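The values are calculated or read from the model by the stated rules, or taken from the named source; none is laboratory data. Because the structure is predicted, anything quoted here is derived from the model rather than measured. Don't worry about glycine lacking a Cβ; one is built from the backbone with ideal geometry, like all the others, and counts go over all protein chains shown.
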């Protein structure tokens, strides 16, 4: 039978509460004062956007929250989102020197949130557009993290920038695809409004190739940035996949962001296919919305999953179960709806996963969420931009220093360039592309030739926002990490 909402609004709100609430002012000061304020701070090196972490934390110790937020947002315009969704355990906090002293790392993410929440709540703009525009125009395709990072930097460099997106609102996955208990969509939308106040124009409901042709964009703009994300979930290629209760995990998460929580339909027995971080977001939210059972099914073992260990632990705490070395071979139907999955055990042979004959069984489910990876947009981009070089893995080829593609006026960042990484990586690539565009369009005329190796450096880069006491080659390595 069709799936239905399972819990009331009050229960849903309680279940979707944040795992780490914001610091109180006293808690923030105490935590900030634990910081050693390292000179060559490894936390800066671990941040793809190069936020001067010791500086912003020091400002928190003196209650200069506006100054702290300025330090953060000048380096990472999506600092509020990243404070909530960054895997800080793997990045800045994972590099904290306190770990070498066998102490807990500084809670950098929560301190970053404390500062950025302050300016958002007070309506304080710490970023400003260039005093004078330079008469150049840039089109940005995609209002996700990469596009927003590029747009904000270009606005601060004096460019007239227009962002196009087919969704009704900006923010990309930050608005539509992050687990609700991690971040509310209002945080992302507030960042979009902040960037809009820099003078960036947003045009929503516009699909490139349908409503607007790339040839027109290239004719009417001095440069184009491609920041579109990945496509829909990969197909399973098994019978029953097109039943109505077989849903992309990201679509399920979008329901949660765009409907009242008590109106989100969810199955009582939910299967999530895949074991990456999106799968974890889907399975935990299914449980929090009232599912009796929520099970992740993964064709390999626990050691092979791409989900972060702390996300795996969270899912288990929420009551999710895991079936490793298992694969679906058919979606079982009853009266036109999902009734279960026919599953089989797997084994790795010559490096490849294979079904073990004779191990099939049927397990009841009424909702199946696909989190088995997303389709690359290589075919679409190749059709829209003839001559754009795309590698064998479906990523747009680009210069690592400038993000320039094989088409001189076209730059790229985010999922289209990397195949899918973290929000903070996408912001860093968008910002780097903005400097690449500036080098192409204005560098030679205004400042003499701008060498690619100089882009993104703290000294000599217009509007860089970096004031960290760190070595140039180290920051360059951080910005090109991965």
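I'm checking my understanding of the structure. Among residues of region 117-134 that are touching a helix residue (DSSP H, G or I) at 6+ places or on another chain (Cβ under 7 Å), at pLDDT 95 or above and part of a loop (DSSP other than H, G, I, E, B), which one is surrounded by the most Cβ atoms within 10 Å (Cβ to Cβ)?
So the residue we want is 127.
Suppose the filter is within 21 Å of residue 377 (Cα to Cα), within 24 Å of the chain's Cα centre (by Cα), in contact (Cβ under 8 Å) with a residue 24 or more places away in the chain and part of a helix (DSSP H, G or I); does residue 278 pass it?
yes
Give region 357-375 a look and list any residue that's buried (at least 17 other Cβ atoms within 10 Å of the Cβ), out of contact with any helix residue (DSSP H, G or I) (no Cβ under 6 Å at 6 or more places or on another chain) and part of a loop (DSSP other than H, G, I, E, B), or say none.
365, 366, 372
Please go through (1) free of Cβ contacts under 8 Å to residues at least 40 places away in the same chain; (2) within 20 Å of residue 438 (Cα to Cα); (3) assigned by TED's automatic domain parsing to the domain that holds residue 197 for residue 131 and return the number of the only condition it doesn't satisfy.
Of everything listed in (1) free of Cβ contacts under 8 Å to residues at least 40 places away in the same chain; (2) within 20 Å of residue 438 (Cα to Cα); (3) assigned by TED's automatic domain parsing to the domain that holds residue 197, residue 131 misses just condition (3).
Residue 177 fails exactly one of the following numbered conditions: (1) at pLDDT below 95; (2) in contact with a helix residue (DSSP H, G or I) (Cβ under 7 Å, 6 or more places away or on another chain); (3) within 22 Å of residue 403 (Cα to Cα). What is the number of that condition?
All conditions are met except number (3).
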